[in-house]
Each structure stands twice: as structure tokens, then as C-alpha cells.
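Undergrad: Here it is, the structure, as C-alpha cells.
Every number here is computed from the coordinates shown, using simple stated rules; none is lab data. Just so it is clear, the model here is predicted, and its values are computed rather than measured. In this analysis, Cβ positions are derived from the backbone assuming ideal geometry, glycine residues included, and neighbour counts consider all displayed protein chains.
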Amino acid sequence: MITLLTDIADKILEHSRESYPHECCGLLAGKSAGDGAEKVVSEVHRMTNTNHERAGDRFEIDPRELLKAEKAMKLRGLDILGFYHSHPDHPARPSDFDRQRGWPEYSYIIVAVKGGVETEMTCWTFNSFDEPFRQEDIVAEG
Amino acid sequence: MAVKVRIPTPLRKLTGGKEEVYVQGGSVTAVLDDLERNYPGIKERICEGDGKLRRFVNLYVNDEDIRFKENMNTQIKDSDELSIVPAIAGGFF
Ligand SMILES: [Zn+2]
């Protein structure tokens, strides 16, 4: 289960709509308990989509930007719990490419954005390198 | 003295949940070998069979990408920090 505190869900949806028709991406920071089974996201940070050629159907995060953000989070006692990205005019389900490039333990929030307006948000995770994605329940506390 | 290695969440199962570990070594290769001695199974997540860095993993010595230095031969001093940073990507197609 992943809990999104305060305005976290709104921030993710806003970023997804703003970036339409391109994919946006960002990181989820907070704390986790129970071996990662319970995650609480208290901050999100927008990341640059560095896949400029295919920004319409792919995203890539600059590792240097990620490292910098991670170090800043750590100083505040927060950990990177996962990432979010949008699927412009495509369902909020992970693609084969998402799974290929995914890492275990992280949560991946996917936002489908239809026509730049209507949105649907889901979350996915897997525990070890040989497992498929499974859906994670999202609780939005706002 | 030792080198601090920062472990990303997806690899922490291999370090017993530790976010940071301390190992010995004067180069990236030596540090990764000592990391593997202490936490078996971790090196294959970072390197290919021939010892080269995996394509979707980045290693930073302090704030420098080893690909822009001497790669696996990059020198490391005590008090340096080696960060393992997964390459994050995806998309609907
Ligand atoms: Zn995707």
C-alpha cells in the first residue's frame, strides 16, 4: 500500500496534465515500513524528461539530477520510494518497456492523461528482478 | 578508514537493508570486489560478467560519473563516496 499525504496526488496530476502530450516524470520521497510494504509519500519532485526524441512515449531521468535529489532527501531523513510518470492517451498500466526498465522495491505511479484533461492514477511494484508488476493500492490523504 | 558506498533501495535486500556500507579498495573495481565479498550477489547487479559496468547502472565517485573518468579503474580514496544510481526510464511504448 502506498499513502500519498496532503496535496501529493494533486501535484502529480497537475504535472501530468501540464506536460501533455509529453510524458512527465518525477520522484516519490518519504518513508517506508514493513520491508517496503507500507510506503508513505510526503514529497514529490519533478524531474526532467531527458528522452527528448521520444518524449511522447518514453521518459528517462538524468542520473545526476536523481543523485542530487537523493542526497538532499537523505539530509531530511527521507528516502526515494519510487517514481511517477504519465501515459498521454494511453492506459494507466505498465508497458513491457516499463517492466524491462523497472527496478524492484520501487513504486511506480502511472497517470493516464486523456486529451490532456481526464486522468487516472495507478501504482505498481515488484519485489525481485524475476517478478512481474503487481498493482499497489493508493490511499490519498488530503 | 574505508570507502562509503551508497546503496539504492532496489539493492538493499542484498545489504540486509543498509543504505550505506563501508568497504575497502583503492579503485572502483577493488571497492566492488570487496562489496561482493561482504554482500554476495550484489556485484552481478552492477557489472556484466566481464566486469564492465551494466548499461542501466550509473556509478558516481562523489559527484563524478565514472564513465567520464577512468571507468572501473577510477581511483578512490578513503573518505570518498561511491554512489550506485539506477538508470530510471519507462514509457507507454
Ligand atoms: Zn509507462
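Undergrad: What about residue A:80, is it at the interface with chain B (Cβ under 9 Å from one of its Cβ atoms), surrounded by 20 or more Cβ atoms within 10 Å (Cβ to Cβ) and touching a helix residue (DSSP H, G or I) at 6+ places or on another chain (Cβ under 8 Å)?
TA: yes
Undergrad: Would the stretch A:91-106 turn up any residue that is over 16 Å from residue B:86 (Cβ atoms), surrounded by 17 or more Cβ atoms within 10 Å (Cβ to Cβ) and not hydroxyl-bearing (Ser, Thr, Tyr)?
TA: Yes, some residue in the stretch A:91-106 is over 16 Å from residue B:86 (Cβ atoms), surrounded by 17 or more Cβ atoms within 10 Å (Cβ to Cβ) and not hydroxyl-bearing (Ser, Thr, Tyr).
Undergrad: Then there is this: For the stretch B:42-56: of the residues being under 19 Å from residue A:106 (Cβ atoms) and part of a loop (DSSP other than H, G, I, E, B), which is nearest to the other protein chains (Cβ to nearest Cβ)?
TA: That would be B:56.
Undergrad: Keeping to the stretch B:57-91, report how many residues are under 17 Å from residue A:70 (Cβ atoms), assigned to a loop (DSSP other than H, G, I, E, B) and either in contact with an Asp or Glu (Cβ under 7 Å, 6 or more places away or on another chain) or within 16 Å of the ligand (Cβ to nearest atom) (or both).
TA: The qualifying residues number 3.
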